[in-house]
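The values are calculated or read from the model by the stated rules, or taken from the named source; none is laboratory data. Fair warning: this is a prediction, and the values are worked out from it, not measured in the lab. Cβ atoms come from the backbone with ideal geometry, glycine included; neighbour counts cover every protein chain shown.
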Amino acid sequence: MTTASTETATGTTGEGDILAVAREQVLERGEGLSEAQVLEVLRLPAERLTEALALAHDVRMRWCGPDIEVEGIVSLKTGGCPEDCHFCSQSGLFDSPVRAAWLDKDRLVEAAKQTAKTGATEFCIVAAVRGPDEKLMEQIRVGVAAIRAEVDINVACSLGMLTQDQVDRLAAMGVHRYNHNLETARSHFPEVVTTHTWEERWETLQMVRAAGMEVCCGGIVGMGETLEQRAEFAVQLAELEPDEVPMNFLIPNPGTPFAHLEVPQGPDALMTIAAFRLAMPKTVLRFAGGRELTLGDLGAEQGMLGGINAIIVGNYLTNLGRPAEQDLEMLDTLKMPIKALNDTL
Amino acid sequence: MTTTVGTFCSFCGGEAASGDHEHCRARLSLIDPPRYCPECGRRMVVQVDPMGWTARCSRHGETTNAAQR
Ligand code: SF4
Ligand SMILES: [Zn+2]
Ligand SMILES: [Zn+2]
């Protein structure tokens, strides 16, 4: 572990250059960086970004392989959430323009079919709730069964905090993966959410894992966290050992407490991607919301060549993404194969 | 995207003729579906799905881009 060291502006420390250390520790041995080491990467000067991304890409290729996992997501229940996550346009506690809406079963199944057509292997059904009530659980049961009967795709869900009974029922329905983001470092969470705790989220994730569902857990970069907290978050995620980490970049949405925050800068976002990959060499690291604003088209390619090995194609929950075809063309141009369904079972 | 700024701005709901909507237009061209009816400025019920969106004004009915994508 690199702790007190004589850091210089180029990233060289008392224990040697952090990227050289990472090359041996992460690339060769598959051991993720510690919190102090992640922080060193995050503090690297901009001129070393290309090198950091290249190393993160090598790590991804070595420990995850060449395939890119493609996923689509859909909002089953939009808006009106009782929680106060300060980034979220779907909280009913803020003066956000997002109004409540429900998707019916036919449109849900249609969305899964459209997603499968892109070559996606995951389709995630999301609801803006603290946790599911019986009405939502029943809709999920019916919806998951209909999708599994008609569409060749893994079904994932993101329905907030769960009870043990709900975890068991979702697993029994055949839900393949469950998304529940820790969103940010534990030390920063109270600045982002006050209606529930980081620890409550952690508990749901543990139950999901124990029930045999895959764990999908990530967060949002650019919510006023310090670089120290970003490093803290990376290792807290690594400790969870999730199957997938979705990386979002803050979209300052009107009416939310974070509406005034700046959109994260591209180079900062890319260095964060590289650092997260070096903290979690073997995890699926997914490009999620906000990349369009933060990175644009060129930055998206840099991210794909900098440690990312999964993407959400098409639209998000309340925001729009690039057209799916554009992302598929990008993968084609980069000669990155899309992971097939039989590889995921 | 077709629905951007009519009489009312679809992003912020303000009158299109007054104020600066450059930021609004940028958001609408990149990542946001319309949230306010361009004809009357009411908040619309918007459903985003993987390939498109549908927005419904209680007075002026439904617009969608689903067929375009
Ligand atoms: S629990 Fe989910 S939907 Fe509700 S405010 Fe938080 S992030 Fe938004
Ligand atoms: Zn406007
Ligand atoms: Zn109207």
Could you give every pair whose Cβ atoms fall below 8 Å, whose first residue belongs to the stretch A:98-118 and is assigned by TED's automatic domain parsing to the domain that holds residue A:152 and touching a residue at least 60 places away in the same chain (Cβ under 8 Å), and whose second residue is buried (at least 22 other Cβ atoms within 10 Å of the Cβ) and part of a helix (DSSP H, G or I), counting only separations of at least 6 or pairs across chains? A:118/A:324
Which residue, of A:158, A:187, is surrounded by fewer than 18 Cβ atoms within 10 Å (Cβ to Cβ), touching a residue at least 24 places away in the same chain (Cβ under 8 Å) and polar (S, T, N, Q)? A:187
The one condition residue A:53 fails out of (1) surrounded by fewer than 16 Cβ atoms within 10 Å (Cβ to Cβ); (2) not assigned by TED's automatic domain parsing to the domain that holds residue A:274 is (1)
May I ask you to verify whether residue A:62 is among the basic types (Lys, Arg), more than 16 Å from ligand 3 (Cβ to nearest atom) and more than 26 Å from residue A:301 (Cβ to Cβ)? no
Filter the stretch B:10-48 for residues that are more than 10 Å from chain A (Cβ to nearest Cβ) and of a type in the set (A, V, I, L, M, F, W, C) and give the result. B:16, B:17, B:37, B:40
It is to be established whether one or more residues within the stretch A:66-75 are hydrophobic (A, V, I, L, M, F, W, C) and over 20 Å from residue A:156 (Cα atoms). no
Meets criteria (touching a residue at least 12 places away in the same chain (Cβ under 8 Å) and more than 14 Å from chain B (Cβ to nearest Cβ)) for residue A:335: no
Over the stretch B:24-60, the set of residues more than 14 Å from ligand 3 (Cβ to nearest atom) and either of a type in the set (S, T, N, Q) or over 18 Å from residue A:318 (Cα atoms) (or both) is B:29, B:47, B:54
How many of the residues in the stretch A:244-283 are under 18 Å from residue A:298 (Cα atoms) and part of a helix (DSSP H, G or I)? 9
For the stretch A:83-114, which residues satisfy the criterion of being over 23 Å from the mean Cα position of the chain (by Cα), under 18 Å from residue A:256 (Cβ atoms) and among the charged types (D, E, K, R)? A:95, A:99
Enumeration of residues in the stretch A:97-119 that are in a loop (DSSP other than H, G, I, E, B) and facing chain B (nearest Cβ under 9 Å): A:97, A:98, A:99, A:100, A:103, A:118
